[in-house]
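Worksheet for the structure shown next.
The values are calculated or read from the model by the stated rules, or taken from the named source; none is laboratory data. None of the values given here were measured: they were computed from a predicted structure. All Cβ positions, even for glycine, are placed from backbone atoms using ideal geometry, and neighbour counts span all protein chains on display.
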């Protein structure tokens with residue numbers, strides 16, 4: 001077996017007296033494609049910097065095979081000191097690298113290379129940094145949040161580019177779909193130690209949940225610190241999986257309702273609202289258009305949005321997503337056409353909430369407004385300490401100032417505060433930027449449980465699949481089209497994703513120029529479910545409910561702190577039974593999900 005290109009052994013690192021990495025290992029073989037995952041603050045970025053040779057660990061060793069080249073993309077690239085974007089990219093090339101590749105990559109990424117780095121937006125700076133990392137064709141490529149602030153067109157282009165490279169890849173990202181598409185193995189950092197799964201991220205979360213369950217069974221009599229750290233996962237992830245079964249069914253019904261409202265795809269027909277439905281109608285746009293000079297951003301677009309809809313808006317940067325959003329919610333007047341707003345609408349924006357966070361206030365200050373020790377959520381009063389824990393904050397963080405929180409923690413705090421504001425319309429303009437996976441799960445839950453209407457602009461395909469009842473996408477030349485379902489449903493109906501458009505004109509150098517992406521023809525669908533499949537689809541929900549009840553009963557017995565001391569043999573027997581029932585429930589859930597997706601595919605054929 002060939003020697004690995006890069007190896008980290010028994011890495012230890014302490015920041016500010018707190019151990020961050022306590023024996024972490026990482027082995028990168030030639031051509032390996034690995035994702036590095038873990039909770040916010042677990043040390044992912046730090047371990048990647050150690051792998052890049054930028055940080056020295058307290059203990060442990062870094063071994064780089066002789067002649068191996070390593071390129072690193074930081075979360076926040078620094079372009080200072082360079083006159084142009086092209087100069088910045090070329091500075092990363094070696095003496096034998098192809099200078100022409102720097103310009104080609106910049107062009108593919110929508111830049112002409114002559115931009116002044118001081119004037120670049122966050123997304124444009126990220127594109128230039130990607131070009132610099134990719135241009136030399138390194139042996140090992142280390143990418144820290146490469147999709148942050150990128151639009152879908154560039155994300156899809158990046159996936160193609162990475163999958164075409166021969167380089168070994170280690171990537172950190174909170175974009176689930178991106179990780180699924182580029183990874184072949186997963187390394188999880190948990191309590192300062194690394195655990196490796198030789199499968200892609202698509203298999204990671206189920207494996208992590210099983211591993212955490214086993215850890216809890218094996219370590220039940222250790223100190224209470226471990227119990228506290230696992231509590232949100234024991235209660236949250238398992239419970240979240242159960243709740244998501246019902247939410248999937250609810251989302252399926254919402255999407256069907258949306259299809260019924262819209263009629264055949266591509267021919268939305270609007271009728272005047274009946275007086276009895278005025279409370280149900282949130283907004284109705286008919287024939288709205290908007291231009292800036294010769295640039296038509298929105299042309300003759302119509303839609304009707306009813307209470308309970310979850311509408312996603314997607315498209316390349318500069319396509320006009322925010323313009324369309326502002327016209328729909330009434331903060332921007334269209335050049336032509338009308339937008340009728342419903343009655344009794346109370347609107348809230350998560351972005352505005354984040355901007356309003358006072359950096360000197362503590363976490364409790366932000367949630368209570370410095371007014372008492374409780375918050376009101378959904379008409380019910382809750383103590384602020386308990387509410388904090390609902391959003392994955394530990395009690396000892398109560399007096400932590402906002403400025404000391406990480407980006408993911410600020411995102412979590414933003415969600416927590418948003419839920420204390422009365423609203424029946426949530427407007428989310430790219431809410432998933434800088435949010436970690438746990439916070440994305442919370443946002444998904446919040447949207448699922450929200451009684452009102454949600455309109456969101458997002459580049460996160462997996463998130464759109466999880467929450468959207470319909471998707472509006474830019475078709476070019478100011479034309480926008482609404483498709484029922486999530487992002488994957490849109491791709492299936494449209495035949496391609498965001499990037500599969502005709503190349504932009506050369507004069508439009510600021511827009512992304514991506515290669516056309518041909519989608520593989522879909523396999524023929526089954527005509528109908530078999531009798532056995534129908535029976536399983538009808539009986540599995542009741543079976544899952546029974547298993548959930550049995551698991552809860554077993555767990556309640558095991559939660560008794562004195563159980564193990566009284567009867568270790570009985571405890572171990574019960575633990576084995578709990579593990580068996582959990583595996584049975586997981587298998588039933590997966591079977592039901594597979595059959596439900598197959599049923600939906602047949603119904604839509």
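Quick notes on this one:
- Out of 153, 128, one residue alone is surrounded by 22 or more Cβ atoms within 10 Å (Cβ to Cβ), more than 26 Å from residue 199 (Cβ to Cβ) and touching a helix residue (DSSP H, G or I) at 6+ places or on another chain (Cβ under 7 Å). It is 128.
- In the range 446-460, residue surrounded by the most Cβ atoms within 10 Å (Cβ to Cβ) [restricted to those that are part of a loop (DSSP other than H, G, I, E, B) and over 13 Å from the mean Cα position of the chain (by Cα)]: 450
- For the range 133-161, the tally of residues that are in a helix (DSSP H, G or I), touching a strand residue (DSSP E or B) at 6+ places or on another chain (Cβ under 8 Å) and under 28 Å from residue 50 (Cα atoms) stands at 2.
Rundown of residues vs (1) closer than 24 Å to residue 330 by Cα; (2) in the same structural domain as residue 600 (by TED's automatic domain parsing); (3) touching a strand residue (DSSP E or B) at 6+ places or on another chain (Cβ under 9 Å), yes/no style:
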site	(1), (2), (3)
405	no, no, no
410	no, no, no
431	yes, no, yes
435	no, no, no
441	no, no, no
459	yes, no, yes
466	no, no, no
490	no, no, yes
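- Options 105, 47, 86, 36: the member that is part of a helix (DSSP H, G or I), in contact with a helix residue (DSSP H, G or I) (Cβ under 6 Å, 6 or more places away or on another chain) and either on the phi < 0 side of the Ramachandran plot or crowded, with 20+ Cβ neighbours inside 10 Å (or both): 105
- Of the candidates 213, 110, the single residue that is in a loop (DSSP other than H, G, I, E, B) and either touching a residue at least 60 places away in the same chain (Cβ under 8 Å) or within 22 Å of residue 7 (Cβ to Cβ) (or both) is 110.
- One residue from 335, 309, 300 being within 21 Å of residue 471 (Cα to Cα), surrounded by fewer than 16 Cβ atoms within 10 Å (Cβ to Cβ) and modelled with pLDDT of 90 or more: 300
- Selection count where residues are farther than 13 Å from residue 193 by Cα and part of a strand (DSSP E or B), scope the range 15-30: 4
- Subset of the range 170-203 that is in a loop (DSSP other than H, G, I, E, B) and out of contact with any helix residue (DSSP H, G or I) (no Cβ under 9 Å at 6 or more places or on another chain) - its residue that is surrounded by the most Cβ atoms within 10 Å (Cβ to Cβ): 192
- Residue in the range 556-579 that is farthest from the chain's Cα centre (by Cα), counting only those that are under 19 Å from residue 210 (Cα atoms), surrounded by 12 or more Cβ atoms within 10 Å (Cβ to Cβ) and modelled with pLDDT of 80 or more: 574
- Of all the residues in the range 89-100, those that are surrounded by 17 or more Cβ atoms within 10 Å (Cβ to Cβ) and part of a helix (DSSP H, G or I) number 2.
- Test: residue in the range 370-393 that is at pLDDT below 85 and in a helix (DSSP H, G or I): yes
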